[in-house]
Amino acid sequence: MAAFDFRAQQERARHLSVVLVLAFIVMVAIISLLLGALIAAFLGGDPTAREIRLEPAPAIAIALGIMAVIVGVALFKIVSFGGDGARVATSLGAEEVTEDTQNPFKKRYLNVVEEMAIAAGLPRPRAFVVKHEQGINAFAAGGSPEKAAISVTHGALAKLNRQELTGVVAHEMAHIANHDTRLNMRLMGMVFGLVILYTSGHALLRSSIFMRRGRGNRGTVPILAIGLGLIVLGLLGVLGGRILQSAVSRRREYLADATGVQFTRNPTGLANALKKIGATTAGSHVDNSHAEEARHMFFAQATGSFAGLFSTHPPLHDRVRALDPQFNPATDPIYTKGDKRILRETRHELFGPWG
Amino acid sequence: MELLIILLVIVALVGFVAVLYNRLVGLRNAYINAFAQIDVQLKRRHDLIPQLVETVKGYMKHERETLEAVIQARNQAEQIREAIGNAVGDPQAMSQLGQAEGALGGLLGRLFALSEAYPDLKASENFRQFQEELTSTENRVAYARQAYNDAGMAYNNAVQSVPSNFIANTFGFREIGMLEFEDREVIQQAPRVSFD
């Protein structure tokens, strides 16, 4: 088998990253200009005048200010993570697994991470487990392979056998090798910058309602309008960011599946892990409230629907079919297994029939 | 003027040779690094085996011969591993190591097959831990070997192809041996098989 060309993939990831940043800047510029115009119109003009007149200079000045705030917040978010995968994992409620663990599930997981690091020719990332999550999922984070961390959910450890867990960890290792984790960090920061607009609009609206109670009606109309404008445009911006993010993410998932198989030289493990997501009731769902922010980092769809403009992952069946062309959901022996059997078989593998 | 042109040609030639030479050095370092990783994992494998034998001895009373053969194969493989030192890539050393590790792998496979007949052993927590550690070690060896063979292939290609083969011949860059284990099939399947 020919060696997999990471360099070209990384080059493509970097290219995509540049295009993405440009698209984000254009979007932020448009939103800022609209907001600038809105604020200038309501605050600059005479409130008693019949018609609102728009002065371009203050509008642009305000727009530039807003842009600076959005970009600043995005940068702050990116820098505050410092590219440290372990911090992202911890913020999503994951706990580190250390060498001295006595738990056979965790010991095996740690071994698998080490094996995949050797297969990928990268340093071993720190390994984490997201406790209490019953769904089968995993994610990788980190600005560089040296600072990377891999996390899997409790459900993944309890429901996947060694071969399937290897497939999942290989997929995450592939995200690290292809520099997807760095791209993801940036995406997270950018969307956060736009969330700030929406949040401040909310705050403004609430305070204007409060002011209305205190004093008379005068002067609250512009604030109300600006607050609404912030909410609407902020929301649009977040939606736009999400669509961008999701489109990129869906592409990178197929690539990570392929790279993962290059590492293990075995598509069955990954295919079966995906089938088990479809076979279990919890699927790949993640409950953690921060999961929404990081949904494009997971192994499979963590929140929301499985199809459409906002889904961060390709449809499950399509991913399985790419690995196992004969897959038929109605008759597949793994896909039609129940939760109980899957849990029992995994325990059986580790502890034997009497464990 | 002519002197200048001659000088320029010489400088260009030397530069060309230097670039090719440096590429060969880079490729050589890559396979040596890759072998270091195999070495770590083989050491781990060899360290685990005496402990494993110690653990199963009490249960597998009728398999004395197999256990002794495992220990013997382990000692031989360890000897070859230690002797390699600076001979990384030497075709003869690589094939010796491959044979010894292959034989050891075959015997381990037999040991685990025989363990099926001892339910007490299979139920012991200690044995299960060994199974996991050994499975992981087999996988690590397999992946590290893959990396070494990939790096070795890239190096050999450079040694054989024009124009770097002239530089390789002049400066003594020799073709190296790949690391293949005798029981190739068992080992290549190792990532898929748990000893269950």
Restricting attention to the range B:126-160, the residues that are closer than 30 Å to A:PHE351 by Cα and not small (Gly, Ala, Ser) number exactly 16
By residue number, the members of the range A:94-144 that are within 13 Å of chain B (Cβ to nearest Cβ) and among the charged types (D, E, K, R) are A:GLU99, A:LYS106, A:LYS107, A:ARG108, A:GLU114, A:GLU115, A:ARG124
Exercise for the section: Take B:ALA123 and decide whether it is facing another protein chain (nearest Cβ under 10 Å) and among the hydrophobic types (A, V, I, L, M, F, W, C). Expected result: yes
Of the candidates A:GLY189, A:GLY121, A:GLY143, the one satisfying the condition of being among the small types (Gly, Ala, Ser) and open to solvent by less than 10 Å² (accessible area, probe 1.4 Å) is A:GLY189
Based on this model, can you work out whether A:GLU172 counts as crowded, with 23+ Cβ neighbours inside 10 Å, within 30 Å of A:LYS337 (Cβ to Cβ) and not hydrophobic (A, V, I, L, M, F, W, C)? yes
When restricted to A:SER151, A:SER207, the only residue hydroxyl-bearing (Ser, Thr, Tyr) and in a helix (DSSP H, G or I) is A:SER207
Per the filter on the range B:134-155, residues at the interface with another protein chain (Cβ under 9 Å from one of its Cβ atoms), among the charged types (D, E, K, R) and in contact with a helix residue (DSSP H, G or I) (Cβ under 6 Å, 6 or more places away or on another chain) are B:ARG140
Can you confirm whether B:GLU101 is open to solvent by 10 Å² or more (accessible area, probe 1.4 Å), closer than 30 Å to A:ASP100 by Cβ, at pLDDT 90 or above and part of a helix (DSSP H, G or I)? no
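The values are calculated or read from the model by the stated rules, or taken from the named source; none is laboratory data. This structure is a prediction, so every number in the text was calculated from the model and none was measured. Please note: Cβ atoms are built from the backbone with ideal geometry, for glycine as well, and neighbour counts cover all protein chains shown. The area values use the complete protein model at the heavy-atom level, side chains included, leaving out ligands, DNA and RNA. Shrake-Rupley method; radii C 1.70, N 1.55, O 1.52, S 1.80 Å.
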